[in-house]
Structure formats: structure tokens, C-alpha cells
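The values are calculated or read from the model by the stated rules, or taken from the named source; none is laboratory data. Remember, predicted model here, so these are calculated numbers, not experimental data. Ideal geometry is used to build each Cβ from the backbone, glycine not excepted, and the neighbour counts take in all protein chains shown.
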Amino acid sequence: MYNALNQHPEIYMPVNKELNFYFKEKLFNKGIKYYESLFQPKGQQVIGEASPGYICHPLVPKRIFETNKDVKIICILRNPVERAKLEFRLND
């Protein structure tokens, strides 16, 4: 998904994938100005990033909402049914 979005001329994606700002305390404590400095769009209409770890951290949704109430989130799950079956078998 990162590569596909990065190819769109109106979407800016940072060079480094997985910034992990919202769940790595060391980064989050640097503040929102630090996070914003990681983005250097050149006229694109949309700015995004890809950090899969956001889905696992309990504080991430609140932190994102507090810093950008208009955010749009795209979440892709690979083979969710198969992964759920595997998790079920592992926990038996």
C-alpha cells in the first residue's frame, strides 16, 4: 500500500516507511513539531505515512485523534480469516 500511495502525484509519503511516532514513547515525547518535520511535501494535496504497529498499541487512536481530528486511516489486513484460524489453532 505504501508503494502504491507513494506513486500518486497528489499524495506525499515520507522516504522512511514506518515512522512509528505515535507508539514509540521516545519519539512521541519529542512532540508534534518533531513529527511534522518528518514530512516535506512539495505541493501534494494529501500527506500520509505507513506504520503497521499503530494497530497494536492501545494509546495510538487517542494520540492520533488529539493531534489531528480530521485524519483518515486506511487499514489493510492480509488474509484476516486465515490469520484468525491460525491464531485460534495456536491458542488451543
Residue 86 fails exactly one of (1) at pLDDT below 90; (2) exposed (fewer than 10 other Cβ atoms within 10 Å of the Cβ); (3) not in a loop (DSSP other than H, G, I, E, B), namely (2)
Just to be sure before I move on: is residue 42 within 15 Å of the chain's Cα centre (by Cα) and of a type in the set (Lys, Arg) in the structure I sent? no
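Residue by residue, here is whether (1) surrounded by 10 or more Cβ atoms within 10 Å (Cβ to Cβ); (2) on the phi > 0 side of the Ramachandran plot; (3) touching a residue at least 12 places away in the same chain (Cβ under 8 Å); (4) not aliphatic (A, V, I, L, M) holds:
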{"position": "15", "(1), (2), (3), (4)": "no, no, no, no"}
{"position": "18", "(1), (2), (3), (4)": "yes, yes, yes, yes"}
{"position": "29", "(1), (2), (3), (4)": "no, no, no, yes"}
{"position": "44", "(1), (2), (3), (4)": "yes, no, yes, yes"}
{"position": "52", "(1), (2), (3), (4)": "yes, no, yes, yes"}
{"position": "72", "(1), (2), (3), (4)": "no, no, no, yes"}
{"position": "77", "(1), (2), (3), (4)": "no, no, no, no"}
By residue number, the members of segment 45-79 that are within 18 Å of residue 1 (Cβ to Cβ), under 13 Å from the mean Cα position of the chain (by Cα) and assigned to a loop (DSSP other than H, G, I, E, B) are 48, 49, 50, 51, 56, 71, 72, 73, 74, 75, 76
